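*Asks:* Here it is, the structure, as structure tokens.
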């Protein structure tokens, strides 16, 4: 009987991963001392228009028994161009088999990426492996920088599901805080940074001018001395 329940749950969780992007969940939120968090982690290095592709991570923090997730990320397609997305190592770190579904990109302004991953297997209460605990990368999105300026990285519909079911047999959704970000792209030109070097150049010019003035005064003094000695 347990084996049949486990198989049914595995199939149900896979179907849940497909349905997450189409409809809301009916399951109860998982009660936790601290809310789980899903957030956008932009690249640490500066990104410029026309530069190499770069990665943006979707990160989970303070989660317990994580078995599945979904999110929608919105961005300005005139600034960044979507290239690909792949699931991170965190979801399957507990040993549960990870399966990521095909991403969906809805064109427009903003453009949106929808992505979800699930793990297969029965819930913990039916003898299954526990899900991932702690913090880690859920997914990595690769973009190309095609414009300059600022693009939002708005994270919505962020949901995380525990490897557990409620009394009705429905997978339990975690109480999750979602946090987006923004990204500033510089221009591709290697123009001179006047704001940085302008004051330095001004000081150098002032030193040169003062030096020339002192030199002129000394030369005039020498010339006067020579005339007076004749």
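*Asks:* What order do you get for 106-115, 78-87 when each peptide is scored by the mean count of other beta carbon atoms within 10 Å, highest first? Walk me through the numbers before you get to the answer.
*Replies:* Details: 106-115: 15.3, 78-87: 17.0.
Most protected by this proxy first, the peptides run 78-87, 106-115.
*Asks:* Taking a point 7 angstrom from the Cα of residue 168 along the C-beta vector, which residues in segment 115-139 have backbone N less than 19 Å away?
*Replies:* 123
*Asks:* Among rounded, prolate and oblate, which fits segment 81-196 when a ≥ b ≥ c are the square roots of the eigenvalues of its C-alpha gyration tensor, a/c under 1.5 means rounded, and a/b larger than b/c means prolate? Please report the intermediate quantities before stating the final value.
*Replies:* Numbers: a/c = 2.80, a/b = 2.58, b/c = 1.08.
The shape class here is prolate.
Every number here is computed from the coordinates shown, using simple stated rules; none is lab data. It should be emphasised that the depicted structure is a prediction, and the values quoted were computed from it without experimental measurement. Cβ sites come from the backbone with ideal geometry, for glycine too, and all protein chains shown count toward neighbours.
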